[in-house]
Amino acid sequence: MTGPVLDLRAVAVEREGRRLVEGMSLGVARGELVALMGPSGSGKTSVLRAVAGLDPFVSGEIEVGGVRLVAGARARRDLLASLYRQVGIVFQFHNLFENLTALENVCLAPVRTRGVAPADAVRRAQELLASLGVAARAGAYPHELSGGEAQRVAIARALAMDPPLLLMDEPTASLDAGRRGELAATLRSLAGQGRALLVATHDAGFVGECRARVVTIDAPDSRGGRL
């Protein structure tokens, strides 16, 4: 693939009728780690949700791995199916299924949405959990995991679909300083493997450890947030 994996062109997002981001243009290429920074309420999470097709955006265009989203309405189901092959998202609170083990959480989407054979999904999930240092926790349920372990399982789940783009929302919220350093190393490694990463955060120290390119969103005011 040539050009950026993620391309935002003059994108505006709103939440509850309030304009948060106006005219945002941004490209993220394979092997690039970009930190989207700004204070709480500036629209960082809203941008990630728009990129992932979870919420509509009000103007502009978003293209992810050749899948083009347009403003004004939720994407069609067939378009979302294509989008989910291109982008994975790790939410701030991980959103693991509480009734499934770590291994089962990672296997679920490949089996259900891509028709991967269960044995192949298990093999890939075990590889991902091992690469992220949580292979020993494969049989644990989410409530048995620490915050750092749950986050790594959530990353493995996102990577199980092998998306070229990974989105992360406030990834250091539940981590102590030592775990932040480990996560920064993990994200640098993923970028080194050719992933494109867009991370919404207000943690400047973590961004420094990631050696990320920084894009800043202003705090919202009467005119809405600005890039």
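For the subset of the stretch 16-41 comprising residues that are farther than 17 Å from LEU165 by Cβ and in contact with a strand residue (DSSP E or B) (Cβ under 7 Å, 6 or more places away or on another chain), which member is surrounded by the most Cβ atoms within 10 Å (Cβ to Cβ)?
Within the stretch 16-41, the first condition is being farther than 17 Å from LEU165 by Cβ, and the residues that meet it are 16-23, 37-41.
Filter once more, keeping what is in contact with a strand residue (DSSP E or B) (Cβ under 7 Å, 6 or more places away or on another chain): 19-23, 37-38.
Details: ARG19: 18, LEU20: 26, VAL21: 29, GLU22: 21, GLY23: 14, MET37: 19, GLY38: 23.
In this case the residue turns out to be VAL21.
So which of ASP162, ASP176, ASP203, ASP120 is within 28 Å of GLU16 (Cα to Cα) and of a type in the set (Asp, Glu)? Steps first, please.
On the way: ASP162 fails: within 28 Å of GLU16 (Cα to Cα); ASP176 fails: within 28 Å of GLU16 (Cα to Cα); ASP120 fails: within 28 Å of GLU16 (Cα to Cα).
Residue meeting the stated conditions: ASP203.
For GLU144, indicate whether it is closer than 28 Å to VAL64 by Cβ, at pLDDT 95 or above and either assigned by TED's automatic domain parsing to the domain that holds ASP7 or of a type outside the set (Ser, Thr, Tyr) (or both). Walk me through it before giving the result.
Values: closer than 28 Å to VAL64 by Cβ: no; at pLDDT 95 or above: yes; either assigned by TED's automatic domain parsing to the domain that holds ASP7 or of a type outside the set (Ser, Thr, Tyr) (or both): yes.
No.
Could you please let me know if ALA125 is at pLDDT 95 or above and buried (at least 16 other Cβ atoms within 10 Å of the Cβ)? Step through it out loud before you land on a result.
Values: at pLDDT 95 or above: yes; buried (at least 16 other Cβ atoms within 10 Å of the Cβ): yes.
Yes; evaluated as a whole, the condition is true for this residue.
What strands (runs of 3 or more DSSP E) lie completely within the stretch 130-227 and have 3 or more residues being out of contact with any Ser or Thr (no Cβ under 8 Å at 6 or more places or on another chain) and surrounded by fewer than 22 Cβ atoms within 10 Å (Cβ to Cβ)?
Numbers: elements: 165-169, 196-201, 213-216.
It comes to 213-216.
Out of VAL90, VAL70, I need the residue that is of a type in the set (Val, Ile, Thr) and surrounded by fewer than 16 Cβ atoms within 10 Å (Cβ to Cβ). Which one?
On the way: VAL90 fails: surrounded by fewer than 16 Cβ atoms within 10 Å (Cβ to Cβ).
Exactly one residue qualifies, and that residue is VAL70.
The values are calculated or read from the model by the stated rules, or taken from the named source; none is laboratory data. What you see is a predicted model, and the numbers here were worked out from it, not measured in a lab. Every residue, glycine as well, gets a Cβ built from its backbone with ideal geometry; the counts of neighbours run over all protein chains shown.
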